[in-house]
1. Modelling each spin label as a point 7 Å along the Cα-to-Cβ direction, I'd like the residue 41/residue 84 distance in nm, to one decimal.
2. Give me the log10 of I(q) over I(0) for the range 2-88 at q = 0.21, 0.25 Å⁻¹, as the Debye formula computes it from C-alpha points; what are the numbers?
3. Cβ neighbours within 10 Å, averaged per peptide: list 31-43, 3-15, 50-62 in order, most packed at the top.
């Protein structure tokens, strides 16, 4: 799985519990168990690291219908422009 970031993104590095900046570009991802909640939603992280975020957070920034119920645009079509994340599976 790959993701293309159109801008630098702040993400959590679960190994040090700090926010780091992932630069724009294409990154290989892998799905891992939730680092903070054992029964929680899985994370998508940069392959070989624990740098990333919840899978739903990644997907909520794809152009199209917003699927994050906590986002004020939930259920609406959204073109995120420079903030869009493109996920290839």
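Rule-based calculations on the coordinates, nothing more; no lab input. Note that the coordinates shown come from a computational prediction; the quantities given were computed from them, not determined experimentally. Glycine also receives a Cβ, built like all others from the backbone with ideal geometry; neighbour counts cover every protein chain displayed.
1. The answer from the label model is 2.1 nm.
2. -1.04, -1.32
3. Averaged packing, sorted descending, gives the order 50-62, 3-15, 31-43.
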